[in-house]
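First the structure, in the form of structure tokens, and then the observations on it.
The values are calculated or read from the model by the stated rules, or taken from the named source; none is laboratory data. Source: prediction; values computed, not measured. Backbone-built Cβ (ideal geometry, glycine too); neighbour counts: all protein chains shown. We work out accessible area using only protein heavy atoms, side chains counted, and drop any ligands, DNA or RNA first. Shrake-Rupley method; radii C 1.70, N 1.55, O 1.52, S 1.80 Å.
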Amino acid sequence: ITGDRALGEGNEDSTVEGTADQVNQLGGIGIPVLCDVSNDSDIQKLVQQVQDEQQGRLDILVCSAFATPPQLTDASFRDDFWKQGGDMWDACHNVGLRGMYMTACESIPLMIETSQTQNTRPLICLISSFGGVSYTFNVAYGVGKAATDRLASDMAVQLSKHNIDTISLYPGVVRTEGNVEMERRGEWESASGGMDLSRGESPRFSGRAVAMLTSDPTQYVQQNSGKIVVVAEYAKDVGFTDLNGKTPASIRSLQFILPGFVFPQIEKESGRPVPAWIRDNVPDFLLPWKVFSGGPPPTAE
């Protein structure tokens, strides 16, 4: 578990030590390591520590570090890119994208050795988002996520001969500590464009997806190496749920789009609520990627 010692904005201890403690409480082994993925030296030390302490074995690399972008707490996060300038670009790319690339560069030699000596297929999982295929928030954010997807795809080409797989993982709207705190302060609606955080996924839902991918007995990962895997859609396919026992709808599902964006607009314009028999019977139909990525997503504005 890598990160820093800064407390999260919620009540939960989201330091790297606190996260490791949660892993231990759930029956795993969490080893906290301070690491700044914008610092190449920190990455090198981390990989060396893994090699020394884990008998030269590295089975899975999950890259999820992301710097908090400037102006995240209000509508300016979704402003025109020429008004945001280089600060937004650097925030979205220097840690989130370059950090992934450099962590992979340092880790892959050890993963190749693991594949050869342990007769296994290591996995690199890059945490991306729907912003990689459809306009989301701002230009810099979307470019970074699209590049993350391409990184997973192109790495898969070169790593296939070494029996190493890659996945670009798409969570939905996630109830992170920061997002929950933004909602508490009344900032979430403006910053997100009206997304309903109450219908969001827990952070652990993505963790369950990664756990399923690493224990995959059906060769799903190998067959989909280099591709996008949507957490909610994968959960429905293989049969796992979020902490509340439910499987959230994918962002490109009508079950997410209609209640989240279309119905509120209808109610605003008509002054009447959408009938329950309509609201409660929206099919879980996935918009084809070509349609979903065809233009800006709806907003609640």
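I need the full set of residues from segment 134-154 which are over 20 Å from residue 291 (Cα atoms) and in contact with a strand residue (DSSP E or B) (Cβ under 7 Å, 6 or more places away or on another chain), in order please.
Scanning segment 134-154 gives 148, 151, 152.
For segment 137-147, state whether one or more residues are open to solvent by 40 Å² or more (accessible area, probe 1.4 Å) and of a type in the set (Lys, Arg).
Looking for residues that are open to solvent by 40 Å² or more (accessible area, probe 1.4 Å) and of a type in the set (Lys, Arg), one finds none in segment 137-147, hence no.
Among the residues of segment 110-138, which ones are over 25 Å from the mean Cα position of the chain (by Cα), of a type outside the set (Val, Ile, Thr) and under 19 Å from residue 48 (Cα atoms)?
113, 115, 116, 118
Quick test for you: out of 173, 180, pick the one residue that is out of contact with any Ser or Thr (no Cβ under 9 Å at 6 or more places or on another chain) and closer than 23 Å to residue 23 by Cα.
180
State all residues of segment 224-239 that are out of contact with any Asp or Glu (no Cβ under 9 Å at 6 or more places or on another chain) and modelled with pLDDT under 95; if no residue qualifies, say none.
Answer for segment 224-239, where residues must be out of contact with any Asp or Glu (no Cβ under 9 Å at 6 or more places or on another chain) and modelled with pLDDT under 95: 237, 239.
Look at residue 23 and say whether it is open to solvent by less than 50 Å² (accessible area, probe 1.4 Å) and at pLDDT 80 or above.
Answer is yes for this residue.
Restricting attention to segment 59-82, and to residues there that are within 21 Å of the chain's Cα centre (by Cα) and of a type in the set (A, V, I, L, M), which single residue is farthest from residue 141 (Cα to Cα)?
Restricting to residues being within 21 Å of the chain's Cα centre (by Cα) and of a type in the set (A, V, I, L, M), the top hit is 60.
Out of all the residues in segment 199-224, which are closer than 30 Å to residue 181 by Cα and in contact (Cβ under 8 Å) with a residue 24 or more places away in the chain?
Result: 199, 200, 201, 202, 203, 204, 205, 206, 208, 209, 210, 212.
State all residues of segment 39-48 that are open to solvent by less than 60 Å² (accessible area, probe 1.4 Å) and not charged (D, E, K, R); if no residue qualifies, say none.
41, 43, 46, 47, listed by residue number.
Considering segment 262-285 alone, what residues qualify as being more than 21 Å from residue 195 (Cβ to Cβ) and either among the polar types (S, T, N, Q) or open to solvent by 80 Å² or more (accessible area, probe 1.4 Å) (or both)?
270, 272, 277, 281, listed by residue number.
Answer yes or no as to whether residue 107 is at negative phi, without any contact (Cβ under 8 Å) to a residue 24 or more places away in the chain and surrounded by 14 or more Cβ atoms within 10 Å (Cβ to Cβ).
In short, no.
With the requirement that a residue be open to solvent by 30 Å² or more (accessible area, probe 1.4 Å), farther than 22 Å from residue 289 by Cβ and either in contact with a Cys (Cβ under 6 Å, 6 or more places away or on another chain) or in contact (Cβ under 8 Å) with a residue 24 or more places away in the chain (or both), what does segment 155-198 give you?
Answer for segment 155-198, where residues must be open to solvent by 30 Å² or more (accessible area, probe 1.4 Å), farther than 22 Å from residue 289 by Cβ and either in contact with a Cys (Cβ under 6 Å, 6 or more places away or on another chain) or in contact (Cβ under 8 Å) with a residue 24 or more places away in the chain (or both): 160, 162, 163, 175, 176, 177, 180, 185, 187, 189, 190, 196.
Just to be sure I understand, how many residues within segment 78-99 are touching a helix residue (DSSP H, G or I) at 6+ places or on another chain (Cβ under 7 Å), open to solvent by less than 10 Å² (accessible area, probe 1.4 Å) and in a helix (DSSP H, G or I)?
Total satisfying the criteria: 2.
For segment 198-282, which fully contained helices (runs of 4 or more DSSP H) count at least 2 residues that are in contact with a Gly (Cβ under 9 Å, 6 or more places away or on another chain) and over 24 Å from residue 153 (Cβ atoms)?
Helices (runs of 4 or more DSSP H) meeting the threshold: none at all.
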